[in-house]
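Here is the structure we will look at, set down as structure tokens.
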Amino acid sequence: MRRARTWLPGLLLVTPSIILIGVFVYGMLGWNFRVAMTDQHDAVSEGRFVGLQNFIDIWDLPRWHLSVSHAIMFTLVFVLGAAALGWLLAFLMEKGIRGEGTFRAIYLFPMAISFVATGIVWRWLMNSGTGERAVGLNRLFDWIGLPQWQWFRDQDWGMAAMALPAIWQMSGYVMALFLAGFRGVPEELREAARVDGCTEWGVYRHVVLPLLRPVTLSALIILGHISLKVFDLIVAVSGKQIITDVPAVFMWVAVFDSNDPAKGATIASYIVLSVAIFVVPYLIWSVRKERRS
């Protein structure tokens, strides 16, 4: 009874959360994988078990290859862009500029906006109209003499342009992560490096940046899993167009427009697995780090 008193109250406290997560997260994931391994390609049939056949057949679809390539381009531009811009903002803020609290609030404010609202605003900013029909950024470019772009309607770089709203929204959050990391580096270590003859850049290169590796890894994991499952931003900016198709949009079309639950569940399973590639190694690394400490 004495031992039970130490762990039973905590167990009773978290039991409802464990049950809800087990049913509505992992239970639903299991149901999705079950549907993905059937031939339920309409809204009324039960579907028979076909194993991994749907996971293989989907690679024969040209639209799937296109959506995957779009997702890769979006992920690379978004992750690298948000990480670089967030690091730069944190670096500038770390120098102790005047009005730091105001600038920090301004940079963080976009994160409070939903991707849908961000997409609606940036759909106007990235309007592809040119000449007299130009609005948004194209009107600004025309005014200052720069060439006008097709933005997300461009065949080659449309997904890179689509990443700009996401970079604008998430770079402030990345800035907050890096700023906390900068402020967590002891000043004694910096002073010791300066005494040893390091320049200011050398202090950052040999002292600060190595200590920011956990923060950098966390930022990349967060940005990576956001980019792989992006849906609302794409639909808000361009709708369900092939030119900006990604796996999440393809999944929506397969389930609700084509009434093909098995195909939609297969795409969703691939999205879950791709996110797991980012998250699971990070969780393993975190657990091992905690055990070593």
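Conditions tested, residue by residue: (1) touching a residue at least 24 places away in the same chain (Cβ under 8 Å); (2) farther than 26 Å from Gly119 by Cβ.
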site	(1), (2)
Glu188	no, yes
Arg205	no, yes
Ile221	yes, no
Phe231	no, no
Ala236	yes, no
Ala248	no, no
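Among residues of the stretch 26-40 being surrounded by 15 or more Cβ atoms within 10 Å (Cβ to Cβ) and part of a loop (DSSP other than H, G, I, E, B), the one that is modelled with the lowest pLDDT is Gln40. Looking across Asp232, Asp245, one residue alone is at pLDDT 85 or above, under 24 Å from the mean Cα position of the chain (by Cα), acidic (Asp, Glu) and open to solvent by less than 30 Å² (accessible area, probe 1.4 Å). It is Asp245. Residues of the stretch 210-229 that are more than 16 Å from the chain's Cα centre (by Cα) and open to solvent by 60 Å² or more (accessible area, probe 1.4 Å): Leu211, Arg213.
Do you know which residues across the stretch 14-33 are out of contact with any helix residue (DSSP H, G or I) (no Cβ under 8 Å at 6 or more places or on another chain) and of a type outside the set (A, V, I, L, M, F, W, C)? Outline the logic, then answer.
First, the residues of the stretch 14-33 that are out of contact with any helix residue (DSSP H, G or I) (no Cβ under 8 Å at 6 or more places or on another chain): 14-28, 30-31.
Result: Thr15, Pro16, Ser17, Gly22, Tyr26, Gly27, Gly30.
Does Ala43 satisfy being under 18 Å from Ala265 (Cα atoms), open to solvent by 50 Å² or more (accessible area, probe 1.4 Å), of a type in the set (Gly, Ala, Ser) and out of contact with any Lys or Arg (no Cβ under 8 Å at 6 or more places or on another chain)? Criteria met by Ala43. Any chance the stretch 41-50 includes a residue that's in contact with a helix residue (DSSP H, G or I) (Cβ under 6 Å, 6 or more places away or on another chain) and not β-branched (Val, Ile, Thr)? Yes, the stretch 41-50 contains a residue that is in contact with a helix residue (DSSP H, G or I) (Cβ under 6 Å, 6 or more places away or on another chain) and not β-branched (Val, Ile, Thr).
Look at the stretch 113-128: where a residue is open to solvent by less than 40 Å² (accessible area, probe 1.4 Å) and a partner is of a type in the set (Phe, Trp, Tyr) and in a helix (DSSP H, G or I), sitting 6+ places away or on another chain with Cβ atoms under 8 Å, you get Thr118/Trp168; Trp122/Trp168; Met126/Trp151; Met126/Phe152; Ser128/Trp151; Ser128/Phe152. Within the stretch 277-284, not a single residue is at pLDDT below 85, farther than 23 Å from Gln53 by Cβ, surrounded by fewer than 15 Cβ atoms within 10 Å (Cβ to Cβ) and among the hydroxyl-bearing types (Ser, Thr, Tyr). Across the stretch 148-175, the qualifying residues are those that are assigned to a helix (DSSP H, G or I) and farther than 29 Å from Ala90 by Cβ, and the one among them that is most open to solvent (accessible area, probe 1.4 Å) is Arg153. For the stretch 84-105, filtering for residues that are without any contact (Cβ under 8 Å) to a residue 12 or more places away in the chain and not in a loop (DSSP other than H, G, I, E, B) leaves 8. Entry remark, the stretch 180-209: residues being surrounded by 10 or more Cβ atoms within 10 Å (Cβ to Cβ) and part of a helix (DSSP H, G or I) number 19 in total. Per the conditions (1) open to solvent by less than 40 Å² (accessible area, probe 1.4 Å); (2) in contact (Cβ under 8 Å) with a residue 40 or more places away in the chain, the sole criterion not satisfied by Lys263 is (1).
Within the stretch 52-69, residues that are open to solvent by less than 30 Å² (accessible area, probe 1.4 Å) sit with their Cβ atoms under 7 Å from residues that are aromatic (Phe, Trp, Tyr), at 6+ positions apart or across chains, in these pairs: Ile58/Trp64; Trp64/Phe250; Ser67/Phe250.
Would you pick out the residues in the stretch 113-147 that are among the small types (Gly, Ala, Ser) and either assigned to a helix (DSSP H, G or I) or closer than 22 Å to Ile243 by Cβ (or both)? Answer for the stretch 113-147, where residues must be among the small types (Gly, Ala, Ser) and either assigned to a helix (DSSP H, G or I) or closer than 22 Å to Ile243 by Cβ (or both): Ala117, Gly119, Ser128, Gly129, Gly131, Ala134, Gly136.
The values are calculated or read from the model by the stated rules, or taken from the named source; none is laboratory data. From a predicted model like this one, the values you see are computed outputs, not experimental measurements. A quick note on method: Cβ atoms are made from the backbone with ideal geometry, for glycine too, and the neighbour counts reach across all protein chains shown. Side chains are part of the model used for accessible areas, which takes the heavy atoms of the whole protein and leaves out ligands, DNA and RNA. Shrake-Rupley method; radii C 1.70, N 1.55, O 1.52, S 1.80 Å.
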